[in-house]
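The values are calculated or read from the model by the stated rules, or taken from the named source; none is laboratory data. Worth saying up front: this structure is predicted, and the values here are computed from it rather than measured. Cβ coordinates were reconstructed from backbone atoms using ideal geometry, including for glycine residues, and neighbour counts include every protein chain displayed.
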Amino acid sequence: MNADQIPAHVPRELVVDFDYFAPEGSDRDPFLALTPLREKPPFFWTPYNGGHWVATRGADIKEILGDYQTFSSSAVFIPKIERPRLVPVEQDPPEHTEYRRLMMPAFTPDSVEKFTAPARTMAAKIIDEFYADGECEFIMAFGVKLPMLIFLNMSDLPLSDFDRLLQNANDNSRGDAATRERAWNEISAYVSKLIKERRAHPGRDVISNAINGQVFGRPVNDAEAFGIVNAFLGGGFDTVQAMMGWIAKFLAESPEHRRQLIAEPSLIPRAIDEMLRRFSISNIARVVRNDMNFKGVEMKSGEQILLPAILHSFDKTIFENPFEVDFRRPDARMHMTFSNGVHKCPGQNLGIAQLRIFLEEWLKRIPDFRIKPSTVPKTATGIVHGVTEMWLEWDVK
């Protein structure tokens, strides 16, 4: 840790040696790897990744996520890099409201329902392909495949783009600096080409509808279209596949909870809420708008603050027995996995629908499964906590 990277206004007692891309123990459990932060000050400074603040208390995380007037969403990822902003993810009202309107038709109840039937068919077909093997590497065999196929279907993109999008999406969220830069450059080239094609030959898919729409009484420009498509890609694929990985891992290691869902399928929606809470995957940021003293801490305009959603989920003042998974927890939906306030994820209903389809179709076909002996699930952290490899096995009947 280089003391020269610590701003003059930051007290030395608020400086912590912490890199959110590599907390100790993240290769085993990235959620528990962040729990020591609860013993740190409510706000501390780390010089890693360009230097930024970290919030460690659940109430503060919720407040900051919902207060766009004090904390801007102009740069939601750490570290800051020179690139077009994601739309509407990295915009604040009133601009955010205008651009969000373009995307919402893809996530209305009717639109989500439209994709439910084909998604369920896809899920069943994917499982049938490997069921007779009695084992699979879950992440590649199912966890990434279903949400990616749904995204390609919604966007009217060819299946041949699958591998390219998958690798770059994963590398952009959890790779080292060089890997993230390479992935971003490849994603940018792909998105730019796609925009050009959909401008020339628009279809009825969600991307064509959004990038050929209007904002503030004028057509969406290329920079805005670039941000919209990237937001669709990141929110529609990477976060869903990450969540599927954690759910599958938990159920493979907890037969009691798995049997509970098999015996009472109607409990699945509440179980999803609880697992979204217990395995809150996002590490997103906000930007301090103006120089200020926030709850006794001097912060400067332009500084970023990291808001680990899992620290809200693990806060004992908000959730009783927060480390336990309780499918009947009455307040599970209070989690911050989808953010808070005006920036709450517009695609959350589609994401939840995919998780429900996964559980219903998987448990129907493979009710009893476990981590394959002699294998250990591999995990990674960064902007999104993820399971990168996990072998499951079951008895074929």
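From the list Gly235, Gly245, pick out the single residue that is within 20 Å of the chain's Cα centre (by Cα), among the small types (Gly, Ala, Ser) and modelled with pLDDT under 90.
Details: Gly245 fails: modelled with pLDDT under 90.
Testing whether each residue is within 20 Å of the chain's Cα centre (by Cα), among the small types (Gly, Ala, Ser) and modelled with pLDDT under 90 leaves just Gly235.
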Identify all residues within the stretch 13-23 that are closer than 18 Å to Ala309 by Cα and either surrounded by fewer than 18 Cβ atoms within 10 Å (Cβ to Cβ) or touching a Ser or Thr at 6+ places or on another chain (Cβ under 6 Å) (or both); write none if there are none.
Phe18, Asp19, Ala22
Check Ile281 against each of (1) modelled with pLDDT under 95; (2) surrounded by 22 or more Cβ atoms within 10 Å (Cβ to Cβ) and name the one condition it does not meet.
(1)
Which condition number does Phe319 fail, the rest of (1) surrounded by 19 or more Cβ atoms within 10 Å (Cβ to Cβ); (2) closer than 27 Å to Ala119 by Cβ; (3) not small (Gly, Ala, Ser) being met?
(2)
Which one is farthest from Leu152 (Cα to Cα) among residues in the stretch 115-124 that are modelled with pLDDT of 85 or more and surrounded by 13 or more Cβ atoms within 10 Å (Cβ to Cβ)?
Ala124
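Here are some residues: Ile139, Ile150, Ile207. Which one is modelled with pLDDT of 90 or more, over 30 Å from Tyr20 (Cα atoms) and among the aliphatic types (A, V, I, L, M)?
On the way: Ile139 fails: over 30 Å from Tyr20 (Cα atoms); Ile150 fails: modelled with pLDDT of 90 or more.
Exactly one residue qualifies, and that residue is Ile207.
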Pick from the stretch 48-68, criterion touching a Pro at 6+ places or on another chain (Cβ under 9 Å) and outside any helix (DSSP H, G or I), ranking: farthest from Val297 (Cα to Cα)
Tyr68
Do we have any residue at all in the stretch 349-371 that's part of a loop (DSSP other than H, G, I, E, B), more than 15 Å from Ile247 (Cβ to Cβ) and without any contact (Cβ under 8 Å) to a residue 12 or more places away in the chain?
no
Of the conditions (1) surrounded by fewer than 17 Cβ atoms within 10 Å (Cβ to Cβ); (2) in contact (Cβ under 8 Å) with a residue 40 or more places away in the chain; (3) under 24 Å from Ser313 (Cβ atoms); (4) touching a Phe, Trp or Tyr at 6+ places or on another chain (Cβ under 9 Å), the single one that Gln5 does not satisfy is (3)
Listed by first then second residue, the pairs whose first member lies in the stretch 107-136 and is on the phi > 0 side of the Ramachandran plot and in contact (Cβ under 8 Å) with a residue 24 or more places away in the chain, whose partner is surrounded by 13 or more Cβ atoms within 10 Å (Cβ to Cβ) and not aromatic (Phe, Trp, Tyr), with beta carbons under 7 Å and at least 6 positions apart or on separate chains, are Gly134/Glu393
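Filter the stretch 1-45 down to the residues that are in a loop (DSSP other than H, G, I, E, B) and among the aromatic types (Phe, Trp, Tyr), then identify the one that is farthest from Arg57 (Cα to Cα). Break it down into steps so the answer makes sense when it comes.
Residues of the stretch 1-45 in a loop (DSSP other than H, G, I, E, B): 1-2, 6-11, 16-29, 34, 40-42.
From what is left, the residues that are among the aromatic types (Phe, Trp, Tyr) are 18, 20-21.
Values: Phe18: 16, Tyr20: 16, Phe21: 20 Å.
Here the residue is Phe21.
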